[in-house]
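The values are calculated or read from the model by the stated rules, or taken from the named source; none is laboratory data. This one's a predicted model, so the numbers in the text were calculated from it and none came from an experiment. No Cβ is skipped: glycine too gets one built from the backbone with ideal geometry, and neighbour counts run over all protein chains shown.
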Amino acid sequence: MMRREGEKNEVIRLEQDILSDLADSRQFYVLETKDFWRQIKTAGSAVPANALYLMKAFQSQSEELAPPSATILPPVFIHPTAHVDPTAKLGPNVSIGPRANIGAGVRIKEAIVLEDAEIRHDACVLYAIIGWSSRVGAWARVEGTPTPVREHSTSVVKNGVKVQSITILGKECVVGEEARVQNCVCLPFKELKRDVANEVIM
């Protein structure tokens, strides 16, 4: 947007402009909680927030979580309408949405798979969000970069460039067979046939 001469660029900063004034005027209140808390500023923040939510459910022995087994490393949530092949290995910190289809030999860790998504046989999904109705081809890899548990940043520096640490596929994205997608944000309705890394795919 073009600005006219003399117009000021007015920006409101939550911490500096609003919260500090509320504290100065004694109109600022704090709720102390013993529960988990996670700041969510980016879409990738959903993965570590999901991990905290799953861990809370696991510690309270929620029956909504999948029972631990040789192929389920808790905590893992699988929606009752999802289909997961018994040879797929899930967890820790995985949520599988409604009507998702997880094929044979798939490995999913630290990820969210949204409704109607399909992960075909022998694919690998790590530190990622797979969008609604997206499809990951056989032997494909969709992966982000692990960040420390206590770290609140969802970005990493690769080759001197700051990139997303969580890979995100938007709605109805397709990752071709044997393709590798790393540290990318892919906007909806895209098809990835080749390897891509550290990009925003528009």
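Close contacts from region 11-31, counting a first residue that is free of Cβ contacts under 8 Å to residues at least 60 places away in the same chain and among the aliphatic types (A, V, I, L, M) and a second that is surrounded by 10 or more Cβ atoms within 10 Å (Cβ to Cβ) and assigned to a loop (DSSP other than H, G, I, E, B), with Cβ to Cβ under 7 Å and a gap of 6+ residues or different chains, come to Leu19/Phe28; Leu22/Phe28.
Checked against (1) in a loop (DSSP other than H, G, I, E, B); (2) under 24 Å from Pro188 (Cβ atoms); (3) in contact (Cβ under 8 Å) with a residue 24 or more places away in the chain, Pro98 passes all but a single condition, namely (3).
Condition test on Pro188, is it modelled with pLDDT of 95 or more and in a loop (DSSP other than H, G, I, E, B)? Answer is yes for this residue.
Residue check: Asn93 meets all listed conditions (1) surrounded by 10 or more Cβ atoms within 10 Å (Cβ to Cβ); (2) over 22 Å from the mean Cα position of the chain (by Cα) but one, namely (2).
All of (1) at pLDDT 95 or above; (2) surrounded by 15 or more Cβ atoms within 10 Å (Cβ to Cβ); (3) assigned to a loop (DSSP other than H, G, I, E, B); (4) at negative phi hold for Val181 with one exception: (3).
Within region 138-145, can one find any residue that is in contact with a Leu (Cβ under 7 Å, 6 or more places away or on another chain) and part of a loop (DSSP other than H, G, I, E, B)? Yes - at least one qualifying residue is present in region 138-145.
Among Val106, Val84, which is modelled with pLDDT of 95 or more, under 27 Å from Thr145 (Cβ atoms), surrounded by 13 or more Cβ atoms within 10 Å (Cβ to Cβ) and in contact with a Lys or Arg (Cβ under 8 Å, 6 or more places away or on another chain)? Answer to the check: Val106.
Among the numbered conditions (1) surrounded by 21 or more Cβ atoms within 10 Å (Cβ to Cβ); (2) farther than 22 Å from Val174 by Cα; (3) modelled with pLDDT under 95; (4) of a type in the set (A, V, I, L, M, F, W, C), the only one that Val76 does not meet is (3).
Determine whether region 41-55 contains at least one residue that is of a type outside the set (Phe, Trp, Tyr) and in a loop (DSSP other than H, G, I, E, B). Within region 41-55, one or more residues are of a type outside the set (Phe, Trp, Tyr) and in a loop (DSSP other than H, G, I, E, B).
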